[in-house]
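Student: Could you have a look at this structure, given as structure tokens, before my questions?
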Amino acid sequence: MINSRETVKANDKSRVFAITGTPGVGKTSVAEMLRSRGYTVYSFNELAKKLDCIIDYEDECAVVDLEKLNTMLNMMFSPEGTVVVEGHLSHHIADTAIVLRCNPIQLKERLLKRGWKYEKVMENVEAELIDSILVEALEMCERVYEIDTTEKSVEEVAKAIISIIEGDIENEIYKPGNVDWISELEEKIDEIIRL
Ligand SMILES: Nc1ncnc2c1ncn2[C@@H]1O[C@H](COP(=O)(O)OP(=O)(O)O)[C@@H](O)[C@H]1O
Ligand SMILES: [Mg+2]
């Protein structure tokens, strides 16, 4: 995971949408789908690299200067435009966060397939279980949505994101709190954490 040196609130971030969530929930896959639908979606990591905002590397993870990245974003894009950024830190530079969620049991399988160390997999599975990124997004962003992607195809997730970006959501299905792994998994939680 990329570490952040500090959390920055900018003056004008209303047009920046973040597609965020625990590693493995499907951010990069859905970003690719959105691009094929004509949306410009920046990868947080690539943007940070391109704009020379990586300060350091710790444990192979980039440490990003969020203040500089935020300033550069504001300089680059007109206030009228919509900017979409994907990455597990993207909520740090946006004011609308779309948090993708994935059932921790499925997430664990996906992260193990990545060949990650068990400890790193479990760190992320537990972060998903306890809503870590959602909580951060709620602290940092003015508007937060969460989408349970577990039973959705990448295309369905893309459709849900488009409905949020275009502002045509008719009901409150994506309001924060609609996902609750701890209640949903109940007695399986021990199993997820220990296995
Ligand atoms: N909606 C989905 N349904 C099933 N598999 C998915 C879905 N979205 C992503 N995946 C798979 O999950 C893995 C992680 O997806 P990725 O987009 O790399 O996640 P992230 O960018 O959030 O880390 C990939 O193997 C991808 O093919
Ligand atoms: Mg990714």
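Please treat every number below as a calculation from the coordinates, not as lab data. The structure presented is a predicted model; accordingly, all values stated were derived computationally and were not measured. We place every Cβ from the backbone using ideal geometry, glycine too, and count neighbours over all the protein chains shown.
Student: What number, rounded to the nearest 500 deg cm²/dmol, is the helix-based mean residue ellipticity at 222 nm of the chain, given -39500 (n - 2.57) per DSSP H run of at least four residues and division by all its residues?
Tutor: After summing the helix terms and dividing by the residues of the chain, the value is -12000 deg cm²/dmol.
Student: Oh, and also: Report, in debye and to the nearest 20, how large the dipole of region 43-194 comes out about its Cα centre when Lys and Arg carry +1 and Asp and Glu carry -1 on their Cβ.
Tutor: 500 debye
Student: Rounded, prolate or oblate: which fits region 115-178, taking a ≥ b ≥ c as square roots of the Cα gyration tensor eigenvalues, rounded meaning a/c under 1.5, else prolate when a/b beats b/c?
Tutor: oblate
Student: Amide H to amide H under 5 Å from Val84: which residues, 5+ apart in sequence or cross-chain, H placed 1.01 Å off N in plane?
Tutor: Amide H to amide H, under 5 Å and 5 or more residues apart or across chains, Val84 pairs with Phe17, Tyr42.
Student: Measure out, as a whole number of angstrom, how far apart the alpha-carbon centroids of region 18-63 and region 134-192 sit.
Tutor: A separation of 19 Å, based on Cα centres.
Student: Distance check, please: which entries in Lys68/Lys152; Lys68/Lys188; Lys108/Lys159; Lys117/Lys175; Lys68/Lys108; Lys68/Lys113 exceed 31 angstrom between their Cα atoms?
Tutor: As for pairs spanning more than 31 Å Cα to Cα, those are Lys68/Lys152; Lys68/Lys188; Lys117/Lys175; Lys68/Lys108; Lys68/Lys113.
Student: Further, regarding this structure: Given axes a ≥ b ≥ c from the Cα gyration tensor, I'd like to know whether region 20-68 is rounded (a/c under 1.5), prolate (a/b larger than b/c) or oblate.
Tutor: oblate
Student: Looking at the square roots a ≥ b ≥ c of the eigenvalues of the Cα gyration tensor of region 43-87, which shape do they give, rounded for a/c under 1.5, prolate if a/b is larger than b/c, or oblate?
Tutor: Prolate, because a/c is 1.5 or more and a/b exceeds b/c.
Student: Then there's this: Below 10 angstrom from the Cβ of Gly21, what's the summed charge of the other residues (Lys, Arg +1; Asp, Glu -1)?
Tutor: -1
Student: With springs only between Cα atoms under 10 Å apart, run a GNM on the chain and tell me which of Glu67, Glu109, Glu58 wobbles the most.
Tutor: With Cα springs under 10 Å in the chain, the top fluctuation among Glu67, Glu109, Glu58 is at Glu58.
Student: Turning to a different aspect of this structure: I need the phi-derived Karplus couplings for region 183-190: 6.51 cos²θ - 1.76 cosθ + 1.60, θ = phi - 60°, integer Hz, Gly and Pro marked x.
Tutor: Each residue of region 183-190 in turn: 5, 5, 8, 6, 5, 6, 4, 4 Hz.
Student: Still on this structure, please answer the following. First obtain the Kirkwood hydrodynamic radius of region 39-195 from its Cα pairs, then insert it into the Stokes-Einstein equation at 10 °C and 1.306 mPa s, and state the resulting D in µm² per second as a whole number.
Tutor: 92 µm²/s
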